[in-house]
Amino acid sequence: MNDDIVLTVIGKLLIPFILLFALYVQFHGDFGPGGGFQAGVLFAAGIILYALTNGTAAAMRLIPPGLLAPLAALGVLLYGGVGVATMLLGRHFLNYSVLAQDAVHGQHYGILLIELGVGITVAAVMLLIFFAFTSRED
Amino acid sequence: MTFLVATAIAIVRMRCLFAVVMLSGIYSLTTAGVFIILDAVDVAFTEAAVAAGVSTMLMLGSLTLTGHRQAPARIAPILPLTVVILTGVVLLWGTSDMPRFGDPEAPVHRHVAPRYIQDSPGEIGVPNMVTSVLASYRGFDTLGETVVVFTAGIGVLALLGIGGRRGRSAKDDPDDVAKRPTDDHE
């Protein structure tokens with residue numbers, strides 16, 4: 001979109017930290033503020049910044065839009081799949097206590113997995129909407 | 001709070017949509033500050049990231065598709081104004097019935113919250129209680145929210161299309177010549 005060198009360089013500097021922070025928020029959500037929703041949005045924001053500084057076409061080569069819809073579905077499936085897995089293991093839907101030897105560890109794994117699902121879906125959908133809007137302007 | 005009201009009035013008065021989008025971003029950021037003052041860090045984080053960040057971006061993206069100016073109003077805004085004022089009065093009247101802010105005897109603090117606070121460290125073992133409530137006790141709700149986000153994405157995809165047939169034919173025309181040869185070499 002824009003060939004301003006200042007924007008490109010600053011974007012290049014910032015994007016790795018934004019993506020890293022998104023991952024931190026994703027996996028540290030149990031201990032600090034944050035979780036899947038925020039992490040997904042942050043990750044999408046990093047990619048959107050890339051799209052703004054380097055052009056939408058470059059961002060689409062980085063993350064092919066055809067990949068995003070399956071990813072969005074994968075997140076929901078992961079979330080629902082954890083629920084089904086707990087059901088198959090003999091407990092209620094989304095009762096994570098059976099995922100490991102003791103209940104507390106099971107809860108940890110369950111929360112980690114469903115937060116990952118939320119993060120994947122949110123990031124994919126945000127990028128999907130962004131690409132859908134920007135790919136229409138000519 | 002004063003800042004919020006000032007921003008809201010500015011948003012209503014403005015005709016330039018670009019400024020309106022920016023101001024609504026500022027409004028969301030201020031709201032995030034209010035949430036931090038209320039000690040709701042998770043909510044503040046979400047508000048700052050989603051509302052101030054990504055929705056402002058999406059609004060800007062849609063602005064590039066439409067125009068930058070708002071069309072002047074054609075009808076007198078008496079009826080909408082009455083409806084808004086009436087709703088506001090009813091809402092204010094409703095809050096007069098609510099318990100005082102921070103009241104430990106309020107129903108919301110006596111129902112399930114004590115159980116969460118007492119049992120969640122032992123049952124879930126996650127230091128951030130918001131996460132344990134959100135992901136474990138209220139797992140169904142969060143699953144629903146995720147599905148809502150997913151549905152929104154599918155809706156946009158179905159309505160606008162992306163990169164693919166329609167989008168690409170419009171988008172790639174200018175740099176089609178530049179891109180084709182590289183494809184051929186591969």
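The values are calculated or read from the model by the stated rules, or taken from the named source; none is laboratory data. All values reported here derive from a predicted model rather than from experimental measurement. No Cβ is skipped: glycine too gets one built from the backbone with ideal geometry, and neighbour counts run over all protein chains shown. For accessibility, only protein heavy atoms count, side chains too; no ligands or nucleic acids. Shrake-Rupley method; radii C 1.70, N 1.55, O 1.52, S 1.80 Å.
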Within the range B:14-39, the count of residues that are open to solvent by less than 70 Å² (accessible area, probe 1.4 Å) and of a type outside the set (Gly, Ala, Ser) comes to 10
Exception for A:Ile5 within (1) open to solvent by less than 20 Å² (accessible area, probe 1.4 Å); (2) more than 25 Å from B:Val41 (Cα to Cα) falls at (1)
Every listed condition ((1) open to solvent by less than 70 Å² (accessible area, probe 1.4 Å); (2) over 16 Å from B:Glu145 (Cα atoms); (3) in a helix (DSSP H, G or I); (4) not β-branched (Val, Ile, Thr)) holds for A:Tyr109 save (1)
Note to self: Whether any residue in the range A:55-64 is open to solvent by less than 50 Å² (accessible area, probe 1.4 Å) and within 15 Å of the chain's Cα centre (by Cα) is what I want to check.
What the structure shows: yes
Restricting attention to the range B:86-98, the residues that are open to solvent by 100 Å² or more (accessible area, probe 1.4 Å) and in a helix (DSSP H, G or I) number exactly 4
Over the range A:43-61, the set of residues in contact (Cβ under 8 Å) with a residue 40 or more places away in the chain and aromatic (Phe, Trp, Tyr) is A:Phe43
Counting only residues in the range A:21-52 that are in a helix (DSSP H, G or I) and over 15 Å from B:Ala49 (Cα atoms), the one least open to solvent (accessible area, probe 1.4 Å) is identified as A:Ala51
* To do: State whether the residues of the range A:92-104 include one that is within 10 Å of chain B (Cβ to nearest Cβ) and either of a type in the set (Ser, Thr, Tyr) or closer than 23 Å to A:Phe130 by Cα (or both).
  => yes
Check: Does the range A:22-37 include one or more residues that are facing another protein chain (nearest Cβ under 9 Å) and of a type in the set (D, E, K, R)?
Finding: yes
